[in-house]
Amino acid sequence: MDKNSKLIDDQANSFGKTPDISRRFVAGGFAGIAASLFAATKANAASGRDGSRGYIVGTDYATQDNPYYDPEFAPIHFPHIFKSKGDVVQSFMWLADGPEPKGCVIICSQAFGGDALDSVIPTLLGAGIHVMRFHPRGMWDDRQDYSFVGALEDLHSAVAHVTENGGQHMVPGSTRAYRIDPSRIAILGKSGGGGNVGWVAASENAAINSVIAVSPGEVKPGLFGPDRLKMYASQKEATDGRIDLLKWLRALTPADYERLDMRKAVPKLVDKRVLLIGCNERDYLSNIHHPLVALMEQGAARNFDHVIMDCNSYFLTARIALARTIASFLKTKAGF
């Protein structure tokens with residue numbers, strides 16, 4: 001076995017049996033970062049830092065805490081707000097340590113307050129990446145109805161907020177400043193409200209550098225078969241009427257369905273850095289994942305990778321692997 005093959009196997013084995021990762025991504029991503037880190041370790045050992053972003057060379061940031069700690073610019077978490085369509089949107093910010101400009105991942109939550117992938121945030125911070133997460137309008141308030149289109153507009157407003165003033169910001173109620181690199185903005189989200197919305201937002205917004213869609217759900221007309229209607233009714237009853245998907249789907253206009261069509265967004269993503277992460281469920285793979293992969297490859301996407309993990313749509317048994325995959329993609333493929 002040659003050295004490169006062994007390195008790829010070692011990287012894959014470090015995941016245990018959890019994810020089934022596309023071979024192209026492993027070879028180009030994890031093996032590449034491992035080789036570059038190990039090769040540079042001795043050269044940079046004297047300084048202890050790489051001199052640019054405060055990282056110690058040779059550290060796997062996806063599985064270990066950042067070993068460098070800046071007491072003057074320590075990691076911090078705080079709530080804040082921004083405006084979308086004139087309305088206030090509640091959001092949270094996590095800052096990685098160090099004063100230098102950093103890339104920022106914006107997390108758009110799953111529909112109706114579902115999975116916001118909070119478990120990935122510590123890994124991103126350890127990798128020296130700022131994180132913002134927001135609650136789309138109507139998700140947790142009764143001032144208006146939640147919708148994917150509304151969440152999409154809020155996501156664009158979030159991007160505008162973090163990139164305004166050249167990425168220069170102040171922590172609310174503090175004299176501490178922080179900087180976001182406007183050229184390194186990534187969108188992360190799960191299912192329809194996060195994965196679908198993030199995918200479409202990246203196709204519409206030139207300021208978005210990268211998008212990571214985790215098991216996105218399609219939004220299309222005609223989702224009204226008997227089994228679906230039964231599921232919608234069950235969800236509505238279980239949530240005391242809060243989640244009424246049937247009402248929501250029927251409220252979407254033809255223009256809304258057109259805008260939320262992930263397949264039609266593909267041509268505008270071929271120059272973006274895109275990672276599609278799927279669960280190992282037959283319906284999802286055949287109806288969404290594989291068709292999107294085929295379209296991206298047919299469109300000669302330049303920076304596209306995809307991963308299928310051996311888990312269900314909740315990813316409950318693959319959270320560490322999910323965090324490692326996202327962090328490694330951002331560090332090796334997206335310039336974070």
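Return the subset of Lys190/Lys230; Lys85/Lys230; Lys230/Lys333; Lys83/Lys236; Lys190/Lys247; Lys236/Lys272 for which the Cα-Cα distance in this structure is over 32 Å, preserving the input order. Those over the limit are Lys85/Lys230; Lys230/Lys333; Lys236/Lys272.
Amide H contacts of Gly103 (H built 1.01 Å from N, in plane; Pro and chain starts excluded): His130, Asp181 sit under 5 Å, all sequence-distant by 5 or more or on other chains. Under 5 Å from the amide H of Gly278 lie the amide H atoms of Ser215, Val307, Ile308, Met309, each residue being 5 or more positions distant or on a separate chain, with H modelled from the backbone and absent for Pro and chain starts. Summed over all non-identical Cα pairs, the Kirkwood treatment of the stretch 76-203 gives a radius of 14.6 Å.
Within a straight-line Cα-Cα reach of under 12 Å, Lys331 can be paired with the following aspartates and glutamates, leaving aside sequence neighbours fewer than 8 residues apart in one chain: Asp60. So what's the gap between the Cα centers of the stretch 119-164 and the stretch 251-315, to the nearest angstrom? Between the Cα centre of the stretch 119-164 and that of the stretch 251-315, the gap is 20 Å. Label sites at Ala251 and Glu237, each approximated as a point 7 angstrom past Cα along Cα to Cβ, lie 2.3 nm apart.
None of the figures in this text is laboratory data; all of them are computed from the coordinates on show. The shown structure was predicted, so the numbers you read here are calculated from the model rather than taken from an experiment. Neighbour counts are summed over all protein chains in view; Cβ atoms, including those assigned to glycine, are modelled from backbone coordinates with ideal geometry.
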